[in-house]
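These notes are about the structure you will find just below.
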Amino acid sequence: MSGQSQPARSRLAPEPVPRRDLLGMAAWSAFFGSLLFASIGMLRLPKAAVVASRSKKFRISLPRSLSAGEAYVPPGRNVAVFQDAGGVYAISLVCTHLGCIVKPGPQGFECPCHGSHFGPDGSVLGGPAPRGLPWRAVSMDGNDLIIDDDATVPPGTKVKA
Amino acid sequence: MSTTHGDRTALRDLWNNLRAAPRRIAAAAFRTGAPVTDRARSSFVFGNVFLHIHPVRTHRWSLRWTTTLGLGVAAAAAFIITLVTGVLLMFYYKPYPDVAYHSIKDIHYVVPTGRFIRNLHRWAANVMVIAVLAHMARVFYTAAYRPPREFNWLIGLALLVVTLALSFTGYLLPWDQLAYWAITIGANIAQSPRELTDALGITHVFDPGGFLRELLLGSDTVGEEALIRFYVLHVMILPLALLALLAVHFWRIRKDGGLARPADADQRLGNAAGISPVFTAGPVKTYHLAAVVEGRTPAVGQGPENTVPSMPHLFIAECAVLMLTVFICLALSLVSDAPLKELANPNVPENPAKAPWYFLGLQELVSYSALAGGMIVPGIVVLGLGLIPFLDREHAGSGTWFGGPGGGRLVLGSAVFGLAAVLAVEAFAIRFGWLRQWYAHMPQPVITAINPGTVIALIYAVYSLRVVKHYASARAGAVALFTCFVCGFVVLTVIGVHFRGPNWAFYWSPAEWPGH
């Protein structure tokens, strides 16, 4: 930056950084530094802090007429509730392949989207599904059942009604 | 102005100026007069902000209709139609669940000309996807991606991805059954890396699938957050990205020396008969015979490098393609209405739930493995397409259809092989099922690695490597691979569109679907 021609300096005594260059570099680094800092902070913007969906925990009472192994799907929920001699259990109806809602039937569950099928215990028998249907936590509250569609329990977990 | 004549002169001047105003406004806007000379034609192009993205002169090879088939211009024209109709639809569309569905219904049944505008938007989007794909095939088969045009090939690839993303995000907006379940499937494809992380038991520490899905949906289900995200992407972020890429794409055509043409284009074109005069109206130079030479005479009466003024030759061609594209979109919109199914129901999936037709080839692959069909195979295809100009550093056949070693016969042979391979693998998988049907406890990573999608891709890759060896040419291998993938795309798309019914089962015709 300095205007006059300087005598050649040795490697051991380099030209000091001129004051304006220093100020300029400081300004640029402050500018880009703060921009970078702010941008990294803003990367969190698209990540939902609170998931806007209704509670996955709900209360039901099983219909009296439910026979052993017959599926009861509470209205508006994607869980099938069963009752047999071992007790009550709930199996998620969301296909582990791509999230379609499987249809419970006497031979297990069928997925309409890509043809996955699952056994009566939710284990995968065919199609593209990578895993069996997860079992959901069931608990008793008086005469009612509490189903938690967010809590997975090991397959075979049944609750005595 | 002298003071002795007083106010009258000033008033007369004012009157004359007022009368001259329209002429002067026109002259101020268009600095040159009517473009009757080549010089005026040139300045007509470079003096206009909207036209100056064109070259002033265009090579005659670029104007042959078989050079490009007008596909790039058709894609751009279709984009302009979607832009105009899309902005009009925004006046009535409300991006909120259920309300969105009713606003689309209003557009369809209540808003004056609303149905037509929506049809036009939908058909132009389809035409755009077809034109973009065909345009890419044209550039590939004429080897127009070669240096110095490699970067523009990459920009074009990015434009293809943005075009498909625009279609996909637009698909959710009507909030009907079709939209809801197509997006549910799409979002779960984004989550499909869990196929591997679950099998390895590391999902709780490393979950790229869950992260991607949540980024896309802003929630754990397709709901209001997902709708507003897709809306913002569809009407703002992706169109702006597309416009920016398009500007670079167009600009680079000029900066890369116009369209690719064969080295002997001038000889093949012959003399410039029947085109507008070039340079001046009358000759200002005379020539005399200085020597008798063999070969062609000097290019008397022709522009440099066998070019013609873009105004009007290039613009006439572009306007013709624009008109044809508009006509096709208008005709389709009059004949066929954009579909609208029932209101989205998160508890009952559409059966069969089908994505837009150009994604149904992928959906067919996804029906064997979500990760392989939805991410790995498409990822390899995009990566492979991007690498083509950097692997093929040859020169033979640039700018001619099916140029390079092998030529049209190689394309035909590869098409036969590609069709046979995809049909054989699909027929086998449809008839006998796949690993999970035979061994229910097969570990998922094995199925992710070995499924019809990866098997077809592998067969194609091996075939094209053999072609590379046989012709000792990377270009020949690229032609074989590209042709195979085109065949695979077409066959899988047809299977997905026509031969898949409820539960994604195979039916010879939709008429055989069980009633529902």
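A few remarks follow.
- Residue match in the range B:310-332 (condition: out of contact with any helix residue (DSSP H, G or I) (no Cβ under 8 Å at 6 or more places or on another chain) and within 14 Å of chain A (Cβ to nearest Cβ)): no
- For the range B:435-453, taking the residues that are touching a residue at least 60 places away in the same chain (Cβ under 8 Å) and part of a helix (DSSP H, G or I), the one that is farthest from the other protein chains (Cβ to nearest Cβ) is identified as B:449.
- Selection of the range A:56-88 for residues being away from chain B (no Cβ under 14 Å), hydrophobic (A, V, I, L, M, F, W, C) and in a strand (DSSP E or B) yields A:60, A:81, A:82, A:88.
- Cβ pairs under 7 Å, 6+ apart, first in the range B:213-232 and part of a loop (DSSP other than H, G, I, E, B), second among the hydroxyl-bearing types (Ser, Thr, Tyr): B:219/A:53; B:220/A:53; B:221/A:53; B:222/B:180; B:222/B:184; B:223/A:53
- Members of the range B:457-479 that are more than 12 Å from residue B:384 (Cβ to Cβ) and either among the acidic types (Asp, Glu) or open to solvent by less than 20 Å² (accessible area, probe 1.4 Å) (or both): B:467, B:473, B:475, B:476, B:479
- Among (1) assigned to a helix (DSSP H, G or I); (2) open to solvent by 50 Å² or more (accessible area, probe 1.4 Å); (3) among the small types (Gly, Ala, Ser), the one test that residue B:396 misses: (1)
- Residue check: residue B:381 meets all listed conditions (1) open to solvent by less than 20 Å² (accessible area, probe 1.4 Å); (2) closer than 29 Å to residue B:178 by Cα; (3) out of contact with any strand residue (DSSP E or B) (no Cβ under 7 Å at 6 or more places or on another chain) but one, namely (1).
- Residues of the range A:125-151 that are within 14 Å of another protein chain (Cβ to nearest Cβ) and either acidic (Asp, Glu) or touching a helix residue (DSSP H, G or I) at 6+ places or on another chain (Cβ under 7 Å) (or both): A:126, A:127, A:128, A:130, A:131, A:149, A:150.
- Residues in the range A:89-144 that are aliphatic (A, V, I, L, M) and assigned to a loop (DSSP other than H, G, I, E, B): A:93, A:98, A:102, A:129, A:133.
- Going through (1) at pLDDT 95 or above; (2) on the phi > 0 side of the Ramachandran plot one by one, residue B:121 falls short only on (2).
- Filter result (open to solvent by less than 50 Å² (accessible area, probe 1.4 Å), charged (D, E, K, R) and over 26 Å from residue B:371 (Cβ atoms)) within the range B:209-258: B:256
- Scanning the range B:340-361 for residues that are within 14 Å of chain A (Cβ to nearest Cβ) and assigned to a loop (DSSP other than H, G, I, E, B) yields B:344, B:345, B:346, B:347, B:348, B:349, B:350, B:351, B:352, B:353, B:354, B:355.
- The range A:40-54, residues that are under 18 Å from residue B:237 (Cα atoms) and within 10 Å of another protein chain (Cβ to nearest Cβ): A:46, A:47
- Unmet criterion (only one of (1) closer than 21 Å to residue B:360 by Cα; (2) among the hydrophobic types (A, V, I, L, M, F, W, C); (3) open to solvent by 30 Å² or more (accessible area, probe 1.4 Å)) for residue B:199: (1)
The values are calculated or read from the model by the stated rules, or taken from the named source; none is laboratory data. Small disclaimer: the values here were computed from a predicted structure and weren't measured. Glycine also receives a Cβ, built like all others from the backbone with ideal geometry; neighbour counts cover every protein chain displayed. The area values use the complete protein model at the heavy-atom level, side chains included, leaving out ligands, DNA and RNA. Shrake-Rupley method; radii C 1.70, N 1.55, O 1.52, S 1.80 Å.
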